[in-house]
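*Asks:* Got a structure here, written out as C-alpha cells. Questions coming.
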Number of protein chains: 2
Amino acid sequence: MNKGENGEIDPDFVARLAHYLGFDEGRVQHLFEKNYFARNWGKHDYLFRFDKEISHIERGTVLYEKGDSFEVIMGFPKIRRAMVLDPTIKKYFSGLEKVAVEEKMNGYNVRVAKVKGEILAITRSGYICPYTTERAKEKLDLRFFDDFPELVLYGEMLGPDNPYVPKEIYGIESVEFYIFDIREKNSGNPLSISRKRKILEEYSFLQVECFGEFPLQTAAEEIAKVVRKLGEKEHEGVVIKDPEMILAPLKYTSSQSNCSDLRHAFRFYNEAGRDYMLSRIVREGFQTVEWNENEAEFKKRYMQLGESILNPLRESIRSVKDGKRLYEEARIRVKELKTATEFGNYLKRLGIDAIFEEPQPIGNEYLIIIKKVNKSTNDKTQAILEGEFW
Amino acid sequence: MNKGENGEIDPDFVARLAHYLGFDEGRVQHLFEKNYFARNWGKHDYLFRFDKEISHIERGTVLYEKGDSFEVIMGFPKIRRAMVLDPTIKKYFSGLEKVAVEEKMNGYNVRVAKVKGEILAITRSGYICPYTTERAKEKLDLRFFDDFPELVLYGEMLGPDNPYVPKEIYGIESVEFYIFDIREKNSGNPLSISRKRKILEEYSFLQVECFGEFPLQTAAEEIAKVVRKLGEKEHEGVVIKDPEMILAPLKYTSSQSNCSDLRHAFRFYNEAGRDYMLSRIVREGFQTVEWNENEAEFKKRYMQLGESILNPLRESIRSVKDGKRLYEEARIRVKELKTATEFGNYLKRLGIDAIFEEPQPIGNEYLIIIKKVNKSTNDKTQAILEGEFW
C-alpha cells in the first residue's frame, strides 16, 4: 500500500517545504521517495502525513499548504507508561506540587480540526477516515471550529459503532467523541487542563472524566485506588498530567485492560505482536508486586491472566476446526450510504480485508455489520489442524 | 565471542576441505571469515564446528582431519514438533505401519564419541564441554568406543548436577547419560531402534524409555495417554520414531513441560525469547482442543498456565525489590578440581557470567555451586522499580 502514491513531486513545492521545515531539499525529496512523507488520496490529496517520526515530528502529523506557507496538525504524542506508580510519578513529575488524573478511555484516537474550510477527522496515522469524519460532524458542535480555527480537538471515538475498537463498556448507544486534549495547530502546544475543560464545557463537548488533582506524595496511592475502581468496570486506566500541560503526561492501566488486550491478541495469535503480548503480561507482574497482593488476590490475577490467554486461543482453534473462518466483527452507523462506500474503499486502500453486510435502516440512519477477516491466524490454524507444522 | 578465533587459515587446508565438502574454495574461505565454520580452542583446536546450518549440514556438526581426509560428527537433527497428534502422525509417517514411541527427556544434549583416540562430549552447538566430558568418561562403559569407533552416542545428560538443565524429576542423584540414538560418523545415519537398543543393552548404557510401537491408526490416541501420564510426573514428552529410523522423528510434549518452560522464561522475562514464550502458550491451546477437554480440565489448564507465567515474574520482581540479584543456581560434581577450573574458563569463553562457590568434598568427588547471573532481567527490573520506563 501507499507505494508511489506521491507521484511526481513539484520541485518548487519541495523547495518551499524544505524551507518551512528547516530541512535541506535533498532530505525532503528523500522523505517523499521513501513515502515517509506521503500524500493522502482522493479529495484530500492536498494533505500530507508523516508516516514515520522525523526529527521530533510525530508520526501521523499532517501538513497542508496555507496561503504561501504551510499549516501543521501535530500527531498524537506518545504517552509513556509508568510500570510502577511509585516512584515513577514522583520522579517524572518532580518539581510539580500536584498532578491531574484523567480517565484513559479505550477507543479510537482521532483529531478533529477545520482544514481549508472543511471539518476533518484525522486518524492517529494521519489518514482522513470518512466514517469518523461523518460521525464527528454529526456529533460535535461545529461552531467551536469557527470560533477557534487555530485549535484541534484530540479525542477518542468510543462505543459499539466504532469499527476499530468496538466497546460496550461505556454505556454508549452508538458512538460518541470524548475529548482529552485541545492543542494548537502548528506548535502542537496543549491548553492547560483548566482552560481545556472550560472550553469543552462551553461547547458541551463530552470529555474524559477527571478524578481530581493529587499531591505528588500521595498520587501513587490515590491513583491505585482509581485504577482498581476503573478495572472493576473493565475500564482502561488513567492518564496522569501536569495541570499546566508543560510536562508530557504518563499513563497507567488496569489489570482488566491488560487482560482485555491479551484476549484480543490471543484470539488472533498469529497476527498479534510478540512484544505486545509480553508487555501486557509483564505489567501484571509489576502491578501485583507494587500492590503487595496477598495469595488470594494473586490467584485471582493469575487465573484471570491464564483465562485471558487460553480461552480466546481455544475459541479460535475450535472455530477453525468447526470450519468457520476467523474474523473480527465490527459495525458502523451512517447517515448516508455514501459514507459506508467511502469507508469501504478507505479500508481497502489501507490493506484491510473487510466484508460489509447489507445496511439495516435504524431511525434515520443505517447500521452496517463489517467482518474483518484474519487470514494469517486462520490459515495457520487450519494448516496445523491438517497436520502441518508450526 | 569467537570473533577471529579462526586466525590465519592455511590455504592448502582450505583447498582440501573444499574438496571434501564439495564446496568451492571461495565459499569455504567465506565460512571461515564469517566464523560460520569455527575452530575450537585450546587442546581441541583441531576440531572445527559449523556454527550455522550450511547446505543441510546441521549446526553443531563437528569436523576434524583424519589421515589425509576428514571425519565428521553430524549435529543433532532438529526434530519437528506435532502441534496436534492427529492427523500429523498419520500424515507425516504415512506408509509406515507402526511408529515407535520413546520418552523425550529434559536434559542437556550431548554427543559422545572417540576422536583421535580421546573420548569427547560434544555439545549441541559443537563445543567440547570439559565437565560433560569428565562425567561421560566416568559414567559410560568406554569399551563401546573401542568396539565401535565409527559410532557416536546421541544422548542427554540428566540430573541435578547437570549445570545446564538441572532437574530432580528423574530420581537421579548426580548426573547420568541417557542415550536416545546411535549414529554413524560421517553419514550421520542412525541405527534402527532394535539395533540401537541391543547395543545399548550390551554395554549397560542407560537409555530413554520405549513405550512400545503403535499402529499408525491408533498412535495419536495411545500417545495422548502416554503424554498425560508423563505430564503427571512433570516429564517432558515423547519422540515418535520410524522403527527403521529412515524417516526423521517427531516430538510432542506435555502441558507440564510447556508450563515448566514458561516458568523459566518468565523468571528471566527480559532475556527469554518472545517466540519461545508464545510457542509454549499456543501449544496449550491446540492440546486442549485436540484432547477435547471439559470446562473443569480447561480451568485447571489455564490456571496452571497463568501461574506458570505470573508466579516466576512476581518472584523475580520481588527479589530485585528486596535487593537480591537474579541468578540461576546450578551445580556440578567433579572428580578433579581441574575440571571445574576448565569448566569455568569454558563458560567464560562462551560469554556466560557465572560465579563458582567453594568446592565441597562429597565422597571422592567435589560438589560446586554455580550462580549464573541474569543481568538483563536484573537491570531492567531494577530500573523499572526505580521509576524508569520499560
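The values are calculated or read from the model by the stated rules, or taken from the named source; none is laboratory data. For clarity, every value in this text was computed on a predicted model and none was experimentally measured. So basically every Cβ, Gly included, is an ideal-geometry build from the backbone, and we count neighbours across all protein chains shown.
*Asks:* Looking for whichever is within 30 Å of A:ILE332 (Cβ to Cβ), surrounded by fewer than 20 Cβ atoms within 10 Å (Cβ to Cβ), at pLDDT 95 or above and among the basic types (Lys, Arg) here; the options are A:LYS114, A:LYS104. Which one fits?
*Replies:* After applying the criteria, what remains is A:LYS114.
Table: residues versus (1) loosely packed, with under 13 Cβ neighbours inside 10 Å; (2) at pLDDT 95 or above; (3) under 20 Å from the mean Cα position of the chain (by Cα).
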residue: A:PHE180; (1), (2), (3): no, yes, yes
residue: A:SER192; (1), (2), (3): no, yes, no
residue: A:ARG195; (1), (2), (3): no, yes, no
residue: A:GLU201; (1), (2), (3): yes, yes, no
residue: A:GLU209; (1), (2), (3): no, yes, yes
residue: A:ALA219; (1), (2), (3): no, yes, no
residue: A:ALA224; (1), (2), (3): no, yes, no
residue: A:LEU230; (1), (2), (3): no, yes, yes
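Residues checked against (1) more than 14 Å from chain B (Cβ to nearest Cβ); (2) within 27 Å of A:ILE332 (Cβ to Cβ); (3) surrounded by fewer than 17 Cβ atoms within 10 Å (Cβ to Cβ):
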site: A:LEU347; (1), (2), (3): yes, yes, no
site: A:LEU350; (1), (2), (3): yes, yes, yes
site: A:PHE356; (1), (2), (3): yes, yes, yes
site: A:ILE384; (1), (2), (3): no, no, no
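*Asks:* With the structure loaded, tell me whether B:LEU305 is facing another protein chain (nearest Cβ under 7 Å), in contact (Cβ under 8 Å) with a residue 40 or more places away in the chain and within 30 Å of B:ILE384 (Cβ to Cβ) or whether it fails that test.
*Replies:* In short, yes.
*Asks:* Could I ask something else about it? Inspect all residues belonging to the range A:27-46 and state whether any of them is among the charged types (D, E, K, R), in a helix (DSSP H, G or I) and within 14 Å of another protein chain (Cβ to nearest Cβ).
*Replies:* no
*Asks:* In the range A:128-160, which residues are crowded, with 23+ Cβ neighbours inside 10 Å and assigned to a loop (DSSP other than H, G, I, E, B)?
*Replies:* Scanning the range A:128-160 gives A:CYS129, A:GLY159.
*Asks:* Need the failing condition index for B:PHE286 against (1) over 30 Å from A:ASP275 (Cα atoms); (2) within 14 Å of chain A (Cβ to nearest Cβ); (3) part of a helix (DSSP H, G or I), just the number.
*Replies:* Condition (1) is where B:PHE286 drops out.
*Asks:* Here's another thing I want to ask about it. Could you tell me which residue of the range B:293-302 is farthest from the other protein chains (Cβ to nearest Cβ), considering only residues that are surrounded by fewer than 21 Cβ atoms within 10 Å (Cβ to Cβ) and in a helix (DSSP H, G or I)?
*Replies:* Per the criteria, the residue is B:ALA296.
*Asks:* Say whether the condition of being among the hydroxyl-bearing types (Ser, Thr, Tyr), outside any helix (DSSP H, G or I) and in contact with a strand residue (DSSP E or B) (Cβ under 7 Å, 6 or more places away or on another chain) is met by at least one residue in the range A:171-194.
*Replies:* Among the residues of the range A:171-194, at least one is among the hydroxyl-bearing types (Ser, Thr, Tyr), outside any helix (DSSP H, G or I) and in contact with a strand residue (DSSP E or B) (Cβ under 7 Å, 6 or more places away or on another chain), which makes the answer yes.
*Asks:* Kindly indicate whether any position in the range A:319-334 is without any contact (Cβ under 8 Å) to a residue 40 or more places away in the chain, in a helix (DSSP H, G or I) and surrounded by 15 or more Cβ atoms within 10 Å (Cβ to Cβ).
*Replies:* The answer is yes, given that some residue of the range A:319-334 is without any contact (Cβ under 8 Å) to a residue 40 or more places away in the chain, in a helix (DSSP H, G or I) and surrounded by 15 or more Cβ atoms within 10 Å (Cβ to Cβ).
*Asks:* In addition: Collect the residues in the range B:358-374 that are surrounded by 14 or more Cβ atoms within 10 Å (Cβ to Cβ) and not acidic (Asp, Glu), keeping them in residue-number order.
*Replies:* B:PRO359, B:TYR366, B:LEU367, B:ILE368, B:ILE369, B:ILE370, B:LYS371, B:LYS372, B:VAL373, B:ASN374, listed by residue number.
*Asks:* Go through the range A:59-94 residue by residue and tally those that are within 30 Å of A:ASP45 (Cα to Cα), among the basic types (Lys, Arg) and either within 14 Å of chain B (Cβ to nearest Cβ) or buried (at least 22 other Cβ atoms within 10 Å of the Cβ) (or both).
*Replies:* Counting residues in the range A:59-94 that are within 30 Å of A:ASP45 (Cα to Cα), among the basic types (Lys, Arg) and either within 14 Å of chain B (Cβ to nearest Cβ) or buried (at least 22 other Cβ atoms within 10 Å of the Cβ) (or both) gives 1.
For (1) buried (at least 19 other Cβ atoms within 10 Å of the Cβ); (2) under 25 Å from B:ARG195 (Cβ atoms); (3) within 10 Å of another protein chain (Cβ to nearest Cβ), each residue gets a yes or a no:
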residue	(1), (2), (3)
B:VAL238	yes, yes, no
B:GLU271	no, no, no
B:SER279	no, no, yes
B:TRP291	no, no, no
